[in-house]
Amino acid sequence: AHFYIVIQVLNVYLVYRYLLFPISIGQLYHWIRGQALLKLYVLIAIVEVFDRLMCSMGQDCLDSMYWNTTRRPRSRRMLVSTLVVLLYTACHSFILFVHVATLNVAINSADQALLTLLISGNFAEIKSTVFKKYNKANLFKITASDICERFKLALFLTLVLLLNISQGMDWKTTVKMLSMCGIVMVAEIIADWIKHSFITKFNFIPSKVYPQYSLLLAGDVTGIGHEEVNLDHSHAVVKRLGFAQIPLVCVMLRFLTEVVRYYIAGQASDEHSKYQLALKFVFVWAILCCFKIVLGSYLQAVSQAKLEAAPELRRISSSNALKKLKKH
C-alpha cells in the first residue's frame, strides 16, 4: 500500500511539473474567452464526455496498478501499469484543467451566456437519463457519479473563486461571484433531485434504497466486508465511487500555485513580510491537516454507527450486498 501511494505522488508531481505548470492560465483564459459561443458550447460538451470516459478508464488503470503493487511489484507489468496510469493522469488532468478554465470564463463573463449554457447542461442530462430502464445497481452507479460530480464542481468553483480573489477582486465583485457560484451549485443539486425523483418513479424503486447505498459506502470506509481481501480502505471507497482523485489533485495544485503567486506579488517584499507570509502558509497547512484527521475520524464514526444500526449487513461483504440489491 505504501508503494502504491509513492507511485501516486510521483504521478502527481510529473503531471503537475511537466504538463500543467508550463501552461499559462492567463493565456488559456483569454483564448477561451475569445472563442465564439458555439465553439465554447462544443468545447464544454467534449470536455464533459471525455471526463466521464476518463473516469471510467482511470479506475480500471488504478485497479490494475494497485493489484500489481500489492501482488507483483517487481514484474514488467508493474512498469506497464505505472506508465498507463501516468498517461491517463496526464490526459485527464489536462481535460479537467480546461474545464476549470472554461468555468472561470463563464463566471467572469459579462453577458453570462456561457454560464447559462453550463447550467442548461445539467438539465439536458435529465432528458438523457430519466426515460431509461434502471434497477437498483444501475441507480447506485448514477448516485455515485453524482456524488463525484458535486464534489468536483464544488472544488472547481472554490479554485475559481480563490484565483479571482488573489488577483485583487473587490468586495462587491466577490459577493457577485459568490452568488454566481451558488447559482451553479444549486442548479446542479436541483437537476440531480429531479433526475433521481423521476428515475425512482418510472422504475418503481423505493426511496429506502438510498440508505442501503450508504451502508455499502460505510462498509468500504470501515473495511467491514473486506476482511479477506487485500484492499486499502481509501482505495475501496475510491473504487466504489469511481472518483478520479489523482487528476483533481494535479489541477488543484496548479491553480493553487497560481493563487499563491498572485498573493505573494500583492504583498510587501521586505524580510518581515516574507516571514509573516511563511507563517501564514504553515498555519493554513496545519489547519488542513487537522481538518483531514478530524474528517477521517468523523467518517469512520458515522460509518461504524450506520453499520451497527443494520447488523444484518455486517455479515455479508459489500460485493454481496450489491448483488442483493440487483436481485431486488
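The values are calculated or read from the model by the stated rules, or taken from the named source; none is laboratory data. These numbers come from a predicted model, not from an experiment. In this analysis, Cβ positions are derived from the backbone assuming ideal geometry, glycine residues included, and neighbour counts consider all displayed protein chains. The accessibility values were calculated without ligands, DNA or RNA, using every heavy atom of the protein model including side chains. Shrake-Rupley method; radii C 1.70, N 1.55, O 1.52, S 1.80 Å.
Hey, any idea what % of the range 1-141's accessible area is carbon plus sulfur with a 1.4 Å probe?
On the way: 5270 of 7920 Å².
Result for the range 1-141: 66 percent of the exposed heavy-atom area is carbon or sulfur.
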Once you sort the root eigenvalues of the Cα gyration tensor of the range 1-79 as a ≥ b ≥ c, which label holds: rounded (a/c under 1.5), prolate (a/b larger than b/c) or oblate (the other case)? oblate
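Label the range 233-300 by shape, choosing from rounded, prolate and oblate, from the square roots a ≥ b ≥ c of the eigenvalues of the Cα gyration tensor; if a/c is under 1.5 it is rounded, and otherwise prolate applies when a/b is larger than b/c, oblate when it is not. Write down the numbers at each step before the final one.
Working: a/c = 5.45, a/b = 1.92, b/c = 2.85.
Oblate shape, in that a/c is at least 1.5 and b/c is the bigger or equal ratio.
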Ignoring everything except DSSP H segments at least 4 long, calculate the 222 nm mean residue ellipticity for the chain; use -39,500 (n - 2.57) per segment, divide by total residues, nearest 500. -28000 deg cm²/dmol
I'd like the distance between the alpha-carbon centres of the range 43-114 and the range 2-23, rounded to an integer number of Å. 13
Rg to Rh ratio, the range 104-147, alpha-carbon atoms and Kirkwood radius? 1.18
Cα atoms only: what Rg and Dmax, in Å, come out for the chain? 21.6, 68
What accessible area per residue comes out for the chain, rounded to a whole number of Å², with a 1.4 Å probe? 58
Flagged as over-length at 27 Å C-alpha distance, from K141/K306; K280/K306; K176/K201, the pairs are K280/K306; K176/K201
Please report, in cubic angstrom per residue, the volume enclosed by the convex hull of the alpha-carbon atoms of the range 136-291. 142
Sites removed, the longest contiguous part of the chain containing no DSSP-loop chymotrypsin sites (Phe, Trp or Tyr not before Pro) with at most 16 other Cβ within 10 Å is 1-130
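Let me check I have the definition right: for the range 24-163, take the eigenvalues of the Cα gyration tensor, multiply each by 5, take square roots. What are those semi-axes in whole Å, largest first?
The answer is 31, 22, 12 Å, longest axis first.
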The correct ranking of K208, K136, K127, K195 by accessible area at 1.4 Å, largest first, is K127, K208, K136, K195
Students sometimes get this wrong: rank C55, C91, C290 by accessible area, probe 1.4 Å, all chains present, largest first. C290, C91, C55
Which of the helices in the chain, when you take each full DSSP H run, stretch at least 27 Å along the axis at their Cα atoms and have an average Kyte-Doolittle score of -1.0 or higher? 37-71, 76-108, 136-166, 171-202, 245-265, 271-309
